[in-house]
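All remarks here apply to the structure that follows.
The values are calculated or read from the model by the stated rules, or taken from the named source; none is laboratory data. Predicted model only: the values in this text are computed from it and were never measured. Here Cβ is always computed from backbone atoms with ideal geometry, including for glycine, and neighbour counts include all displayed protein chains.
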Amino acid sequence: MPKWASGPVGHPSYWKRAKKELSAADPVMAGIIKSCGRGGLTGHGDAFVTLARAIVAQQISVRAADSIWNRLDEAVGGISPDHVAARDEAELHAAGLTRRKASYIRDMAVAFIDGDIAPSMWGEKDDEGVIAGLIELRGIGRWTAEMFLIFHLLRPDILPLDDIGLIRACERHYADGQDMARDEIEKLARRWQPWRSVATWYLWRSLDPTAVAY
């Protein structure tokens, strides 16, 4: 197994407990969870894929991100550090990435290969420690780091306050479609602790029957 495929795989062990406790704490969330049926967050174990996919998704819709990701995957012959690093930025741009994102993802691929990014260290850090380390990398801001915490490390209590899907879902279900400020969402989410990642996943799912994945 390559060194960058070092994360947990499958559904997190806390998922059933989190669903039960969220439903007990928040009747609105209980309804969302019930309406979404089966399924849940799933770890795929590949740190590079999660980070690359999150970079692709920055500031564009889920549908657009999926389309670009599929084109990129086909263009490089499967997403991996080796395959991405073997292409120049112009080839990655031709697959649909902006020039800046092409540069970020290619640089990151090289860093994985050279060992400058060491996934084995992430499991030892708390959430803010992981974020602090990741945002030192070109192209990775707090939102991307939070997606990594949720989808790769399967951390249970992440609240990505800058995520447009989370904001829209909160406005739909908790504010009758009215705008909600950042601090209002943060206050609302206190009832979801220590399972804010799980609540966020269900709020995303309430907007789109296709589960968000990175």
Subject >> Pairs, first in contact (Cβ under 8 Å) with a residue 40 or more places away in the chain in the range 86-97, second among the aliphatic types (A, V, I, L, M) and surrounded by 14 or more Cβ atoms within 10 Å (Cβ to Cβ), C-beta under 9 Å, six or more apart >> reply: Leu97/Ile55; Leu97/Val56; Leu97/Ile68; Leu97/Leu72; Leu97/Ile105
Original post:
Between residues in the range 36-47 that are under 15 Å from Ser206 (Cβ atoms) and residues that are outside any loop (DSSP other than H, G, I, E, B) and at pLDDT 90 or above, which pairs lie under 6 Å by C-beta distance while being six or more apart or on different chains?
Top reply: Cys36/Tyr202; Cys36/Arg205; Gly40/Trp15; Leu41/Trp201
Original post:
In this structure, does His173 turn out to be in the same structural domain as Pro194 (by TED's automatic domain parsing) and either of a type in the set (A, V, I, L, M, F, W, C) or more than 18 Å from the chain's Cα centre (by Cα) (or both)?
Top reply: yes
**OP:** Go through the range 86-141 and count every residue that is part of a loop (DSSP other than H, G, I, E, B), of a type in the set (A, V, I, L, M) and in contact with a helix residue (DSSP H, G or I) (Cβ under 9 Å, 6 or more places away or on another chain).
**Re:** 7
Subject >> Condition check for Ile117: within 18 Å of Ile55 (Cα to Cα) and without any contact (Cβ under 8 Å) to a residue 24 or more places away in the chain >> reply: no
